[in-house]
1. Kindly report, to the nearest 10 Å², the accessible surface of residue 72 as traced by a 1.4 Å probe over protein heavy atoms only.
2. Give me the lysines in straight-line cross-link reach of residue 92: C-alpha distance below 22 Å, same-chain residues under 8 apart excluded.
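The values are calculated or read from the model by the stated rules, or taken from the named source; none is laboratory data. In this text the structure is predicted, and so the values were computed from the model without any measurement. Areas reflect the complete protein model, heavy atoms only, side chains present, ligands, DNA and RNA absent. Shrake-Rupley method; radii C 1.70, N 1.55, O 1.52, S 1.80 Å.
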Amino acid sequence: MKNDIPILERVTLLYVYEEEEQHYDMIHDAYLIKPYYAVYKLDQSIYLGKVLQIYQTGLKKFFVVDTDTSRITLAQNETRAAELVIPQIVAKLMGREVLDWLTLDVMHHMNSVFDFQVISPPDDM
């Protein structure tokens, strides 16, 4: 596993709450880890989620969280600053394979049932 902390592209996210009229959060401590995926902190939890770039603003680093897709909670009750903890989390994940993550993190630190869709059903179903 790599010990060095990755340099991540910092972006601004807009998180819109569909069920509440006129309610949204601007997340300034978000980091693009690959095109259309970001790690961000919201209400003391760290999430990995899909994001969509907003081109109309003229800003290249402005995205909206795609709330129609799932997001993965990577940490909870996190009081440290996002710019300190997110690079550490990403560095840890970069140094692991999927089976290591599932067996060492998901199964040991989470106590719920997760329906991972590893193989997609055929299109005709």
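1. Residue 72 exposes around 60 Å² with every protein chain in place.
2. List returned: 2, 34, 41, 50.
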